[in-house]
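To keep things clear, I will list the structure first and then write my remarks on it.
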Amino acid sequence: MARKVSILIVDDEDSVRDSLYNWFIEDGYRVECAEDAKKALSILETEEFDIVLADIKMPGMDGLEMLKRIKAIRKDSIVIIMTAFATVNTAVQALKDGAYDYVTKPFDPDDLSHLIRNASKQILLSEENEKLKEKVVSLENMEDLIGQSEAMQQVLREIESVSQSNASVIITGESGTGKELVARAIHANSPRRFFPMVCVHCGALSESLLESELFGHEKGAFTGAVYNRKGRFEMADSGTIFLDEIATISSKMQVELLRVLETRSFVRVGGHKEISSDFRVICATNRNLRQMVDSGEFREDLYYRLNVVNITVPPLRERTDDIPLLVNHFIKKFCVAMNKPLVTIDNAALKVLEEYSFPGNIRELENMIERAIVVGNGKKISVKDLPVTEGVAGNTFESLTDLEKNHITQILNKYSWNISAAAKALQVDRVTLYNKIKKYDLKPAK
Amino acid sequence: MKQKSIVLISFGYFEKELLEQVARDVEKEFLLPTLTREGHIDLSDFYDAARRQYNGNLLLKLIDTQFGAGTHKTLALFNIDLFIPILTYIFGQAYLNGQTGIASAFRLRNEHYGLKPNESLLKERFRKEVIHELGHAFGLIHCHNTQCVMRSSTYVEDIDQKSHRLCENCRNQITNSTK
Ligand SMILES: Nc1ncnc2c1ncn2[C@@H]1O[C@H](COP(=O)(O)OP(=O)(O)O)[C@@H](O)[C@H]1O
Ligand SMILES: [Mg+2]
Ligand SMILES: [Zn+2]
Ligand SMILES: [Zn+2]
């Protein structure tokens with residue numbers, strides 16, 4: 001982030017100042033407090049603050065009067081007014097006098113952080129816009145996205161160029177190639193990065209669950225809906241929503257999704273009120289959506305809405321140059337996680353990896369390295385620690401993981417990949433089963 | 001001051017197994033021996049009858065006077081609905097770069113939101129919350145990395161989106177400060 005945003009809190013109550021002080025310090029802001037308007041104005045004479053958060057009712061000079069004086073000194077300063085009870089009149093007056101917004105005590109933590117983040121986004125953006133004119137954007141938060149190969153560098157360039165815009169993006173690539181990571185990189189480099197990126201794994205949810213997950217529900221919408229609940233689109237307000245496995249959604253959901261994308265608003269399940277939300281959509285799929293449009297499985301209008309930009313993540317076998325880097329990255333990751341000294345890998349083992357086809361892509365490589373660290377001698381990964389050579393028999397499973405993977409595959413095949421039936425037989429819920437399928441990258445036999 | 005250990009004190013009922021598991025996760029994250037034990041305080045002093053919630057500021061102050069001295073970080077664990085005067089609720093809080101913090105499982109339960117109980121989700125959220133508050137006690141502020149446990153979460157679903165681990169950046173900051 002560019003720099004610390006500064007906040008001045010003005011309130012006559014100790015406990016309010018203390019609480020807010022703690023909250024904002026934890027959030028990484030520079031914070032100062034004043035117990036009355038006079039003190040605040042004198043602080044503001046010598047120091048600039050990005051945001052002033054002021055109580056409306058204080059002994060001596062009240063918040064409204066202080067607001068006017070602050071605005072007289074610096075017209076563009078952001079002042080947020082706190083009211084103890086929603087006295088609409090005074091709050092409206094405050095807005096007329098140039099307050100950025102007002103909040104009613106006590107606030108919802110979610111609302112407070114949203115409000116402050118919005119304000120700081122505005123401040124930082126106007127500063128950044130100045131700088132952007134000369135400076136080339138360099139990608140932030142990319143430490144986890146490894147790749148020096150030309151193919152991956154191309155993907156990084158594409159990420160960089162789309163991240164500043166609001167365009168919808170479809171990320172296409174085989175399972176395990178890093179689509180979700182690419183989505184995160186886009187979000188982390190976009191102006192929306194101060195707001196959440198909300199992920200929805202569409203493939204893991206039934207139609208009705210997906211509906212209430214995406215749009216939220218009102219109390220009493222169905223049995224079990226005892227409270228109102230925000231949906232993912234609502235949570236992604238000002239941020240990004242990532243729809244993974246978009247090709248799996250039903251035709252009914254395709255229609256609903258199209259409507260939301262067109263209007264940027266929706267109604268909670270069982271509700272009446274239109275709720276609007278400002279989100280950016282990023283989707284991922286391992287299918288060829290164009291083909292699905294041609295065969296009538298996916299709506300063409302929705303496809304065009306989503307596919308403003310397309311990023312294709314190449315399979316690992318087409319960027320074998322990256323394998324040594326990735327191997328080192330994962331060795332470091334798992335050794336640190338397992339609290340072990342770093343291991344190395346011998347040349348023969350590396351060669352085996354470079355020649356392997358990796359149907360499960362980076363996820364498969366990642367799992368392999370994790371396993372190799374667990375089963376290996378703790379110093380060097382060698383060929384025998386890798387499950388890719390001919391010598392390893394296909395049906396003797398040493399690790400629990402392999403056993404689990406094999407068992408799940410068998411049960412899935414037994415029930416012809418009917419997920420509900422298989423989940424029942426395995427005595428787990430559907431989501432768990434989906435997660436396992438994803439983890440092991442299982443696919444129905446053709 | 002160099003930290004020697006971390007202590008998790010449970011006030012109210014927690015399954016032993018859950019606490020032990022969380023302690024092991026904490027140990028892994030901060031690389032310090034982590035102990036669990038039970039504590040007892042009269043919570044009625046902290047109950048705000050008008051809000052029907054417990055005052056997290058007063059509670060943290062008490063925890064800090066009782067356990068704030070010494071070379072270990074202490075996190076007090078509760079099962080009650082916490083608030084601070086200005087906010088409708090909090091999951092927990094800690095003194096930034098201090099010795100103590102508090103965390104509650106109360107609002108981490110699905111039941112609180114009218115959803116089906118889910119023990120494993122609760123455990124997952126709880127360990128994230130515990131590690132998060134300890135992170136503050138170790139001087140970490142909120143992190144923008146979407147996977148990092150130090151990412152700010154004001155909503156339970158926000159907690160579900162992140163992992164229970166510190167990102168490399170945050171981890172380095174702790175290692176540098178505890179050296
Ligand atoms: N370029 C990369 N560098 C480092 N790790 C990667 C890279 N691409 C993918 N991974 C890792 O591989 C795993 C699978 O990535 P993911 O984004 O979930 O794939 P997909 O969404 O395409 O199935 C994740 O653990 C991710 O962190
Ligand atoms: Mg994925
Ligand atoms: Zn926090
Ligand atoms: Zn972090």
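The values are calculated or read from the model by the stated rules, or taken from the named source; none is laboratory data. In this text, all values refer to a predicted model and were calculated from it rather than measured experimentally. Neighbour counts run over all protein chains shown; Cβ positions are idealised from the backbone, glycine included. Just so you know, the surface numbers come from the protein's heavy atoms only, side chains and all, with ligands and any DNA or RNA stripped out. Shrake-Rupley method; radii C 1.70, N 1.55, O 1.52, S 1.80 Å.
Could you say which residue among A:172, A:177 is open to solvent by less than 10 Å² (accessible area, probe 1.4 Å), at pLDDT 95 or above and either within 16 Å of ligand 2 (Cβ to nearest atom) or of a type in the set (Ser, Thr, Tyr) (or both)?
Values: A:172 fails: open to solvent by less than 10 Å² (accessible area, probe 1.4 Å).
The conditions single out A:177.
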Inset, instruction - Please work out which residue is nearest to the chain's Cα centre (by Cα), limiting yourself to the range A:213-229 and to residues that are within 18 Å of residue A:202 (Cβ to Cβ) and at the interface with chain B (Cβ under 10 Å from one of its Cβ atoms). - result: A:213
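Could you tell me how many of the residues in the range A:342-361 are outside any loop (DSSP other than H, G, I, E, B) and of a type in the set (A, V, I, L, M, F, W, C)?
Here is the first cut: in the range A:342-361, the residues outside any loop (DSSP other than H, G, I, E, B) are A:344-345, A:347-355, A:361.
Next, only the ones that are of a type in the set (A, V, I, L, M, F, W, C) stay: A:345, A:348-350, A:352-353.
Residues flagged as outside any loop (DSSP other than H, G, I, E, B) and of a type in the set (A, V, I, L, M, F, W, C) within the range A:342-361 amount to 6.
Can you pull out every residue in the range A:271-294 that is touching a residue at least 40 places away in the same chain (Cβ under 8 Å) and not in a loop (DSSP other than H, G, I, E, B)? Lay out the reasoning, then the answer.
Going through the range A:271-294, the residues touching a residue at least 40 places away in the same chain (Cβ under 8 Å) turn out to be A:271, A:275, A:277-289, A:292.
A:275, A:280, A:281, A:282, A:283, A:284, A:285, A:289, A:292 - these are the residues of the range A:271-294 that are touching a residue at least 40 places away in the same chain (Cβ under 8 Å) and not in a loop (DSSP other than H, G, I, E, B).
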Inset, instruction - Tell me which of these residue A:285 doesn't satisfy, since it passes every other one: (1) on the phi < 0 side of the Ramachandran plot; (2) assigned by TED's automatic domain parsing to the domain that holds residue A:385. - result: (2)
Inset, instruction - Could you figure out which of (1) open to solvent by less than 10 Å² (accessible area, probe 1.4 Å); (2) closer than 21 Å to residue A:265 by Cβ; (3) within 14 Å of chain B (Cβ to nearest Cβ) isn't true of residue A:182? - result: (2)
Inset, instruction - State which residue is most open to solvent (accessible area, probe 1.4 Å) when the search covers only the range A:343-363 and only residues that are within 17 Å of residue A:321 (Cβ to Cβ) and in contact with a Gly (Cβ under 9 Å, 6 or more places away or on another chain). - result: A:362
Inset, instruction - Go through the residues of the range A:253-261 one by one and say whether even a single one is away from ligand 3 (no atom under 16 Å from the Cβ), under 22 Å from residue A:203 (Cα atoms) and within 17 Å of the chain's Cα centre (by Cα). - result: no
Legend entry - Residue under evaluation residue B:24, criteria (1) in contact with a strand residue (DSSP E or B) (Cβ under 7 Å, 6 or more places away or on another chain); (2) at pLDDT 95 or above; (3) within 14 Å of chain A (Cβ to nearest Cβ), criterion not met: (1)
Legend entry - residue B:118 more than 15 Å from ligand 3 (Cβ to nearest atom) and open to solvent by 10 Å² or more (accessible area, probe 1.4 Å): yes
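Looking only at the range B:50-67, decide whether some residue is acidic (Asp, Glu) and open to solvent by 40 Å² or more (accessible area, probe 1.4 Å).
Yes, the range B:50-67 contains at least one residue that is acidic (Asp, Glu) and open to solvent by 40 Å² or more (accessible area, probe 1.4 Å).
What's the total number of residues in the range B:118-160 that are outside any helix (DSSP H, G or I) and more than 11 Å from chain A (Cβ to nearest Cβ)?
Within the range B:118-160, residues that are outside any helix (DSSP H, G or I) and more than 11 Å from chain A (Cβ to nearest Cβ) number 2.
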Inset, instruction - Check whether at least one residue in the range B:3-22 is touching a Pro at 6+ places or on another chain (Cβ under 9 Å) and among the hydrophobic types (A, V, I, L, M, F, W, C), and report yes or no. - result: yes
Legend entry - the range A:1-26: number of residues that are surrounded by fewer than 16 Cβ atoms within 10 Å (Cβ to Cβ), touching a strand residue (DSSP E or B) at 6+ places or on another chain (Cβ under 8 Å) and of a type in the set (Lys, Arg): 1
Inset, instruction - Give the range B:80-113 a look and list any residue that's touching a Gly at 6+ places or on another chain (Cβ under 9 Å), more than 10 Å from every other protein chain (Cβ to nearest Cβ) and not small (Gly, Ala, Ser), or say none. - result: B:80, B:82, B:99, B:100, B:102
Inset, instruction - Of the numbered conditions (1) surrounded by fewer than 21 Cβ atoms within 10 Å (Cβ to Cβ); (2) of a type in the set (Ser, Thr, Tyr); (3) away from chain A (no Cβ under 14 Å), residue B:74 fails exactly one; give the number of that condition. - result: (1)
Legend entry - Condition broken by residue B:38, with the remaining ones in (1) open to solvent by less than 50 Å² (accessible area, probe 1.4 Å); (2) more than 14 Å from every other protein chain (Cβ to nearest Cβ) satisfied: (1)
Inset, instruction - Give the residues of the range A:210-263 that are open to solvent by 30 Å² or more (accessible area, probe 1.4 Å), assigned to a loop (DSSP other than H, G, I, E, B), touching a strand residue (DSSP E or B) at 6+ places or on another chain (Cβ under 9 Å) and within 24 Å of residue A:172 (Cα to Cα), sorted by residue number. - result: A:245
Legend entry - Those residues of the range B:152-172 which are touching a residue at least 40 places away in the same chain (Cβ under 8 Å) and more than 11 Å from ligand 4 (Cβ to nearest atom), in sequence order: B:153, B:156, B:159, B:164
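Are any of the residues in the range B:137-147 open to solvent by less than 10 Å² (accessible area, probe 1.4 Å) and in contact (Cβ under 8 Å) with a residue 24 or more places away in the chain?
The answer is yes; a qualifying residue exists.
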Legend entry - Selection from the range B:87-99 of residues that are open to solvent by less than 10 Å² (accessible area, probe 1.4 Å) and in contact with a Lys or Arg (Cβ under 7 Å, 6 or more places away or on another chain): none
Legend entry - Within the range B:88-113, tally of residues that are more than 16 Å from ligand 3 (Cβ to nearest atom), assigned to a loop (DSSP other than H, G, I, E, B) and more than 14 Å from residue B:126 (Cβ to Cβ): 1
